[in-house]
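A.B. asks: Dropping the structure in here first, questions after.
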Amino acid sequence: MMTFPASRRLSEEIEALLEASRGRSLSVGEVAAMLHSRGFALLTMLLAAPFLVPSVPGLSTPFGAAIMALGAGLARGREPWLPGFVLRRELSPEMWGRILRALLKLVRRMERAARPRLLFLREGPGMTRWI
């Protein structure tokens, strides 16, 4: 069963990723591993982040397919699976930096307005999958 730790804010996770991506390229699989159980929610946000700014035509298909694969795994109640070619895909430090900085800005705004509520609702058996 997937767990969602509340010990660190999402912005702190993104800052740690930004620091890890400085000076070296990271693969999508490395990013997912660094994020542990929170990884797939944030990974979905990372995969959607390029759509927040005008991007290179053709990016929507591979990124959209990766988001769809994550969603399908979550709907089946499993840890999401991504194909090996997606997990091995490396992005340059500059690209990770741009994506993560844009995402960090958005998440910080969201964190000012949103906070965890009614946490007891997700603690029951099967509640995370239902959500």
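The values are calculated or read from the model by the stated rules, or taken from the named source; none is laboratory data. This one's a predicted model, so the numbers in the text were calculated from it and none came from an experiment. Virtual Cβ from ideal backbone geometry, glycine too; neighbours counted across all protein chains shown. Side chains are part of the model used for accessible areas, which takes the heavy atoms of the whole protein and leaves out ligands, DNA and RNA. Shrake-Rupley method; radii C 1.70, N 1.55, O 1.52, S 1.80 Å.
A.B. asks: Using a Gaussian network model of the chain whose springs link C-alpha atoms within less than 10 Å, name the residue from PHE63, PHE85, PHE51 with the highest mean-square fluctuation.
C.D. replies: PHE85
A.B. asks: Here is a further query. With the other protein chains left in place, how much accessible area per residue, in square angstrom, belongs to the stretch 63-131 at a 1.4 angstrom probe?
C.D. replies: That works out to 74 Å² per residue.
A.B. asks: How about the stretch 67-105: which trypsin sites (Lys or Arg not before Pro) there are in a DSSP loop, with at most 12 other Cβ atoms within 10 Å of their Cβ?
C.D. replies: Hits after loop and neighbour filter: ARG76, ARG78, ARG88.
A.B. asks: Per the helix-only calculation at 222 nm, which mean residue ellipticity applies to the chain, given -39500 (n - 2.57) for every DSSP H run of n ≥ 4 and division by its residues, nearest 500 deg cm²/dmol?
C.D. replies: -17000 deg cm²/dmol
A.B. asks: Of MET110, ALA69, SER55, whose Cα points farthest to the positive end of the dipole of the chain (charges on the beta-carbon: +1 Lys, Arg; -1 Asp, Glu; origin at the Cα centre)?
C.D. replies: MET110
A.B. asks: Given H placed on each backbone N at 1.01 Å, which residues far from LEU26 in sequence or on other chains put an amide H within less than 5 Å of it?
C.D. replies: Result for LEU26 returns LEU91.
A.B. asks: A further question on this structure: Under a Cβ-only charge scheme (Lys and Arg +1, Asp and Glu -1), can you give me the dipole magnitude of the chain about the Cα centre, in debye to the nearest 20?
C.D. replies: In debye, rounded to 20, the chain gives about 340.
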